[in-house]
Amino acid sequence: MSASLPALPRLDLRGPEGADHAAWRARCNRLQLLGGDVETAVRAIIDDVRDRGDAAVREATARFEGREIVPEEFELSLAARGEASARVQSDVRAALEFATQRIRAFHLTQRPDPTGIDAGTTLLTSRPTPLRRVGVYAPGGTAAYPSSVLMAAIPAAVAGVGEIILFTPRASDVVLLAAELAGVHRVFAIGGAQAIAAAAFGTGRVPKVDKIVGPGNAWVTAAKRLVYGVCDVDGIAGPSEILVIADHTSDPEIVAADLLSQAEHDPLACAVLVTDAPELVEAAEVELRRQLASLPRAEIAASSLRNHGAAVLVRDRAAMVEVANGYAPEHLELLIADPDELVGALHSAGAIFVGPWTPEAAGDYTAGPSHVLPTAGAARFASPLGVWDFVKYTSVIRFHRDALAAQAEAIVTLARAEGLEAHARAVLRRMGRLP
């Protein structure tokens, strides 16, 4: 088999500071995987779409996709969407319907309530309001993932977003069925950086959105980064990644299977094993080779493991936690004895999968929480996609006269300390303390 796998790259962190520790720190810095020499080209596409609208979208689609589409064909009709959805096999439909129910049920628990203080003469409220219109991006062609449509659009629907728009080139039947089940209102058959620009700025045919979410290639990722501020985005997505914490009790067959479940995504995907059991590394490598032999995407998975995978040896469970938090993985699996003991200490992961009966694949499809997760170390500060991503908050403030009187002196003093006399006088006039 051409997709041969040499020994998984090993890093031994059990000893004093050395080359392996430096190599591990470099592995933790995955921002370089977000780059690519595309930003200049993407900026030009965005500027063109902003200036020329639909014509620029049409020309970019022809240039980069080899697909001729006129503006009148950008949006798919409800009839065309319905016909496509009806062509999906019954077993796939049933699985998508099952996943839809699970994802919706989980995200219903995230609906926010207003918070604040009601003190009689003072009412202070943080009022949640759903966004008016959001764009969900879904790659097309061989990279089409209907599960990602569910995972991005259902939280938006639960939040009460007024209009959810799917942008996807060459939409497959199963993606259009997922859009129907998720509550997507409109579908535009455009993709790439030009779709992101059209969604951000609006064109004659494409309405302007408040936020863009969903995965894409390097061009889409660069476009999202560049339009942030014109509209909101969910984050800057990098290649998929998994970190598996395992010990002497772990089944090497399962360890290998879960590493491969991420490695098969992309040659840039990162699959890392962290263990205090050297013998497990040997056994896992045997399993990786055996399982690769029959894997349809073996070439991709082998490339991922060779170039971005690692087996990291640590001294003990405390070191497992330290290494995992430093890496801040998108997906973190605990295939160890007494895994619940470590969960509370693991603060930097997009999603944690606890125990041998919780494969990351369940999180991708049917568990319930969105599988749109922070990557490239962003789990240190970012969260999974949720209802909260489709809600903004407004502060509502109401004073009675007594409340303003009680705060007037402090307001006036602070305003004058900042040299803002009109601020001070706006209060003093209300209190009758100016002629």
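The values are calculated or read from the model by the stated rules, or taken from the named source; none is laboratory data. All values derive from a computational prediction rather than experimental measurement. Heads up, the Cβs are rebuilt from the backbone with ideal geometry, glycines too, and the neighbour counts pull from every protein chain shown.
Considering only residues that are touching a residue at least 60 places away in the same chain (Cβ under 8 Å), of a type in the set (A, V, I, L, M, F, W, C) and in a helix (DSSP H, G or I), look in segment 60-88 and name the one that is nearest to Val387 (Cα to Cα).
Ala84
Select from segment 306-324 the residues that are at pLDDT 95 or above and either over 21 Å from Asp251 (Cα atoms) or assigned to a helix (DSSP H, G or I) (or both) and list them in ascending order.
Listed by number, the residues that qualify are Arg317, Ala318, Ala319, Met320, Val321, Glu322, Val323, Ala324.
Only one of these is surrounded by fewer than 12 Cβ atoms within 10 Å (Cβ to Cβ), closer than 29 Å to Asn325 by Cβ and in the same structural domain as Leu260 (by TED's automatic domain parsing): Gly344, Gly350. Name it.
Working: Gly350 fails: surrounded by fewer than 12 Cβ atoms within 10 Å (Cβ to Cβ).
Matching residue, one of Gly344, Gly350: Gly344.
Going by the conditions given, is Ala99 free of Cβ contacts under 8 Å to residues at least 12 places away in the same chain and in a helix (DSSP H, G or I)?
Details: free of Cβ contacts under 8 Å to residues at least 12 places away in the same chain: no; in a helix (DSSP H, G or I): yes.
Here the answer is no, as Ala99 does not meet what is asked.
What pairs come out if I take residues in segment 120-134 that are more than 24 Å from Ile212 (Cβ to Cβ) and at pLDDT 95 or above and pair them with residues that are in a strand (DSSP E or B) and acidic (Asp, Glu) whose C-beta lies under 9 Å away, six or more apart or interchain?
Leu124/Asp118; Thr125/Asp118
Condition (residue is over 28 Å from the mean Cα position of the chain (by Cα) and at pLDDT below 95) applied to segment 45-66: is it met by at least one residue?
Taking every residue of segment 45-66 in turn, at least one turns out to be over 28 Å from the mean Cα position of the chain (by Cα) and at pLDDT below 95.
Which one is nearest to the chain's Cα centre (by Cα), of the residues in segment 339-354 that are assigned to a loop (DSSP other than H, G, I, E, B) and over 15 Å from Arg317 (Cβ atoms)? Please lay out each step first, then the result.
Of all residues in segment 339-354, those assigned to a loop (DSSP other than H, G, I, E, B) come to 339, 344-350.
Right, trim to over 15 Å from Arg317 (Cβ atoms) and you get 347-350.
Values: His347: 17, Ser348: 15, Ala349: 12, Gly350: 9 Å.
Taking the candidates together, the pick is Gly350.
Provide a single number: the residues in segment 355-381 that are farther than 14 Å from His331 by Cβ, of a type outside the set (Lys, Arg) and either touching a residue at least 60 places away in the same chain (Cβ under 8 Å) or part of a helix (DSSP H, G or I) (or both).
Qualifying residue count for the region: 3.
Any residue at all in segment 280-293 that is without any contact (Cβ under 8 Å) to a residue 24 or more places away in the chain, out of contact with any Pro (no Cβ under 8 Å at 6 or more places or on another chain) and outside any helix (DSSP H, G or I)?
no
Can you give me the number of residues within segment 258-275 that are within 16 Å of Val323 (Cβ to Cβ) and touching a residue at least 60 places away in the same chain (Cβ under 8 Å)?
Number satisfying all stated conditions: 3.
Given the options Asp91, Asp113, name the one that is surrounded by fewer than 19 Cβ atoms within 10 Å (Cβ to Cβ), part of a loop (DSSP other than H, G, I, E, B), without any contact (Cβ under 8 Å) to a residue 24 or more places away in the chain and out of contact with any Ser or Thr (no Cβ under 8 Å at 6 or more places or on another chain). I'd like the intermediate steps shown before the answer.
Details: Asp91 fails: part of a loop (DSSP other than H, G, I, E, B).
After applying the criteria, what remains is Asp113.
Filter segment 405-422 down to the residues that are surrounded by 15 or more Cβ atoms within 10 Å (Cβ to Cβ) and either assigned by TED's automatic domain parsing to the domain that holds Thr121 or over 20 Å from Thr122 (Cα atoms) (or both) and list them by number.
Of the residues in segment 405-422, the ones surrounded by 15 or more Cβ atoms within 10 Å (Cβ to Cβ) are 408, 411-412, 415.
Passing the criteria: only Ala415.
In segment 56-65, is there at least one residue being surrounded by fewer than 19 Cβ atoms within 10 Å (Cβ to Cβ) and within 26 Å of Leu177 (Cβ to Cβ)? Lay out the reasoning, then the answer.
Step one: filter segment 56-65 for residues surrounded by fewer than 19 Cβ atoms within 10 Å (Cβ to Cβ), giving 59, 62-65.
Checking which are within 26 Å of Leu177 (Cβ to Cβ) leaves us with 65.
There is at least one residue in segment 56-65 that is surrounded by fewer than 19 Cβ atoms within 10 Å (Cβ to Cβ) and within 26 Å of Leu177 (Cβ to Cβ).
Filter segment 325-338 down to the residues that are assigned to a loop (DSSP other than H, G, I, E, B), surrounded by fewer than 20 Cβ atoms within 10 Å (Cβ to Cβ) and either of a type in the set (Gly, Ala, Ser) or in contact (Cβ under 8 Å) with a residue 24 or more places away in the chain (or both) and list them by number. Steps first, please.
Quick first cut of segment 325-338, residues assigned to a loop (DSSP other than H, G, I, E, B) only: 328-330, 336-338.
Of the ones still in play, those that are also surrounded by fewer than 20 Cβ atoms within 10 Å (Cβ to Cβ) are 337-338.
Ala337, the sole residue that qualifies.
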